[in-house]
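Okay, structure first, notes after.
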Amino acid sequence: MTEKFGKVERLDAFRWRLPRSYKDGMRVEGKIIAGEALMESICRDQAVEQVANVAFLPGIVGTSMAMPDIHWGYGFPIGGVAAMAVEDGVVSPGGVGYDINCGMRLLKSNLTLPDIEGRLESLIDALFQAVPSGVGEKGRIRLQERDLNRVLEQGARWAIREGYGWNEDLEFTEAGGALPSARAGEVSERAKTRGLGQLGTLGAGNHFLEVQVVEEIYDPVAAGAFGLFPGQITVMIHSGSRGLGHQVCTDFIERMNRAVNKYGIHLPDRQLCCAPIRSPEGEQYLAAMAAAANYAWANRQAIAHWTRGAFEKVFGLSAEKMGLSLVYDVAHNIAKIEEYEIEGKMKMLCVHRKGATRSFPPGHPEVPAAHRAVGQAVLVPGDMGRGSYILSGTEKAMQETFGSTCHGAGRLLSRGEAKRRTDSRELMARLRGQGIIVRSASLGTLAEEGPEAYKDVTGVVESAQGAGISRKVARMRPVAVMKG
Amino acid sequence: MDGKKLQKFLILDHTADVRLRASGESPAELFKNAALGLFSLLSDYEKVRPCDSYSITASGTDLESLLVSFLSELIYQFEARQLLFSEIEIRRLDEGAFLIEATARGEKYDPSRHVIRSYVKGVTYHGLKVEYEESWTAEIVLDV
């Protein structure tokens, strides 16, 4: 069994160990959480090497980890989790990603498919009109720089004060929708220029807004706590910090490239560029990253608000009457300062989650009171044909993966290959035949995002469950999809 | 050179991203062709009219970071100012100080005439090496 995957050792059906001898220079071991079937494809790309490379980072605590959806990325693998001690460890922009606080938001309702079926076309049209999407699309929110600074420091709280949503939304958003460590002054003028025109836009690529129906409940108690029931209509939003976040990442990668020489940090891969957390570069990055994260939360809050508006327009009822409340909003590209017990002592760690979602357990104070008995809601998108999952966080995740789990299905086909195999119009017709209406701002690139282009997220979610780092609560299938 | 025609740039498939392979007879020509490759990724640049000129500058600590910086600057101009480019001329490339000055020509994005092809989130260092072997080449992975 061990020869099959080279130097990677099997610990159990869902855990694989990279010993420090895997690569000379590893400060800690590596650990991959995945079922054996997933390991085949994981070992085929450079991802395992990247897990080993991350183990070189100064101050890394525990192990360099990979979630079941791991695939290679820039420096850090996507699906990578690494925690560094705040006192002597580093922070790395590559461990967060270009799209800072790319994340998920799920709205629920008291509607069922029969309630909306007759007007599904009108609904998706209304959503398409209400939420700007696609490349080059300008946002609906007019901002001056001083307003933008408030967005960067107050995130979703700013959005709600401006009328984009309900106060209670904040309780069901990770970090209350705003990281207090954000400093607008650390975000460059270039990033702000890009952000000014894009607040309240969905973006393109794999971002989406999807009307779904809850198809299967796996954990009735947790589903009850989250307010979910079979046949219920939900809306899932996938979006991030847009060009502002990308520019923050680009800016700090450049600065960190210079910082590694200054601090004498030797790296096996330039893309792991970093700086000590307690250095000007490290502190500035974390403050700018928090600001970009807040921008993304404001963004998803505005999009959710317009989603409610579209439902109101089409069905002639208030969003409150339709029960369109927020289940949860969670990031999957972010670095958080969190406290964990390490060898009997409480330690502040900077947890990098790049293509990984926080998965806090029952009883954790950061989990909303209404969910606390069952654990934090984890939102895992699939593809537009097969649907998505909601999971709950576990104590095992807290002990083993710094409270983290998977984030979604990885790509199977390149964009070019997906376009060669599938015609966008044919794809839309096929999905319609399956009862799924699609609206896309860019028909030319829709095929790149079709179901064939993605792996099946079920395998990922099952692996995470098998390892005990999250538990399946429900599965939702799409009925109407909006893409940028 | 022996008159062999060099492929200016090539867009290659990759699972989650896009690879841009560019080449040139000189570093400056390599940078120019990498920029043209980027333009072709962003939009149907044949339809972009070179009406207005824009000055593009960038700096780095080596040729690789200079190339990343240069392409990032072009992406910034596209996103922040809604500018599409179809032509570029390298005025100066200082290989010692790693500075570049260029003039890009294009126009403002017009949804009635231009189609935006893809959205580039970042220019990465993944496997990036600016090398010379018969010609100057580089392969850049772009996060889309």
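The values are calculated or read from the model by the stated rules, or taken from the named source; none is laboratory data. On a predicted model such as this, the values are computed, not experimentally measured, just so you know. Neighbour counts run over all protein chains shown; Cβ positions are idealised from the backbone, glycine included.
Miscellaneous remarks
- Which listed residue is assigned to a helix (DSSP H, G or I), within 19 Å of A:Gly203 (Cα to Cα) and charged (D, E, K, R), from A:Glu448, A:Glu417: A:Glu448
- Residue check, B:Leu66 closer than 22 Å to B:Pro27 by Cβ, crowded, with 18+ Cβ neighbours inside 10 Å and in contact (Cβ under 8 Å) with a residue 40 or more places away in the chain: no
- Identity of the residue in the range B:71-115, acidic (Asp, Glu) and not in a loop (DSSP other than H, G, I, E, B), that ends up surrounded by the fewest Cβ atoms within 10 Å (Cβ to Cβ): B:Asp94
- Filter result for A:Leu228 (more than 29 Å from B:Leu66 (Cβ to Cβ), away from every other protein chain (no Cβ under 14 Å), at pLDDT 95 or above and part of a strand (DSSP E or B)): no
- Exclusive hit being within 28 Å of A:Val479 (Cα to Cα) and surrounded by fewer than 20 Cβ atoms within 10 Å (Cβ to Cβ), set A:Asn149, A:Asn101, A:Asn110: A:Asn110
- Of all residues in the range A:173-182, those that are surrounded by fewer than 22 Cβ atoms within 10 Å (Cβ to Cβ) and in a helix (DSSP H, G or I) total 1.
- When residues of the range B:27-58 are limited to those that are in contact with a Ser or Thr (Cβ under 6 Å, 6 or more places away or on another chain) and within 12 Å of chain A (Cβ to nearest Cβ), the one surrounded by the most Cβ atoms within 10 Å (Cβ to Cβ): B:Ala58
- Just one of the listed residues (A:Glu254, A:Glu312, A:Glu320) is surrounded by fewer than 23 Cβ atoms within 10 Å (Cβ to Cβ), within 14 Å of another protein chain (Cβ to nearest Cβ) and either more than 24 Å from B:Leu66 (Cα to Cα) or within 25 Å of the chain's Cα centre (by Cα) (or both), namely A:Glu254.
- For B:Lys32: the one exception among (1) among the basic types (Lys, Arg); (2) touching an Asp or Glu at 6+ places or on another chain (Cβ under 6 Å); (3) at pLDDT 95 or above: (2)
- Taking the criterion of being basic (Lys, Arg) and surrounded by fewer than 18 Cβ atoms within 10 Å (Cβ to Cβ), the only residue of the range A:152-172 that qualifies is A:Arg161.
- Checklist (1) away from chain B (no Cβ under 14 Å); (2) within 22 Å of A:Gly387 (Cβ to Cβ); (3) buried (at least 22 other Cβ atoms within 10 Å of the Cβ) applied to A:Leu120, failing item: (3)
For every residue, the table says whether it meets (1) surrounded by fewer than 19 Cβ atoms within 10 Å (Cβ to Cβ); (2) hydroxyl-bearing (Ser, Thr, Tyr); (3) more than 22 Å from the chain's Cα centre (by Cα); (4) at pLDDT 95 or above.
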| position | (1), (2), (3), (4) |
| --- | --- |
| A:Leu18 | no, no, yes, yes |
| A:Val51 | no, no, no, yes |
| A:Leu57 | no, no, yes, yes |
| A:Gly73 | no, no, no, no |
| A:Val81 | no, no, no, yes |
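- Subset of the range A:183-197 [assigned to a loop (DSSP other than H, G, I, E, B) and surrounded by fewer than 24 Cβ atoms within 10 Å (Cβ to Cβ)]: A:Arg183, A:Ser188, A:Gly197
- Counting only residues that are in a loop (DSSP other than H, G, I, E, B), more than 14 Å from chain B (Cβ to nearest Cβ) and out of contact with any helix residue (DSSP H, G or I) (no Cβ under 6 Å at 6 or more places or on another chain), the range A:200-225 holds 2 of them.
- Residue satisfying condition, being within 21 Å of the chain's Cα centre (by Cα) and charged (D, E, K, R), within set A:Arg161, A:Arg194, A:Arg157: A:Arg157
- Residue check, A:Met428 more than 14 Å from chain B (Cβ to nearest Cβ), surrounded by fewer than 21 Cβ atoms within 10 Å (Cβ to Cβ) and not hydroxyl-bearing (Ser, Thr, Tyr): yes
- First in the range A:260-286 and part of a loop (DSSP other than H, G, I, E, B), second anywhere and among the polar types (S, T, N, Q), Cβ under 6 Å, 6 or more apart: A:Pro268/A:Asn53; A:Asp269/A:Asn53; A:Cys273/A:Asn257; A:Cys274/A:Ser92
- Yes/no for A:Gly97 being within 30 Å of B:Leu128 (Cα to Cα), within 13 Å of chain B (Cβ to nearest Cβ), within 24 Å of the chain's Cα centre (by Cα) and part of a loop (DSSP other than H, G, I, E, B): yes
- A:His246 surrounded by fewer than 24 Cβ atoms within 10 Å (Cβ to Cβ) and not hydroxyl-bearing (Ser, Thr, Tyr): no
- A:Arg475 vs. criteria outside any helix (DSSP H, G or I), under 22 Å from A:Thr357 (Cβ atoms), basic (Lys, Arg) and at pLDDT 90 or above: yes
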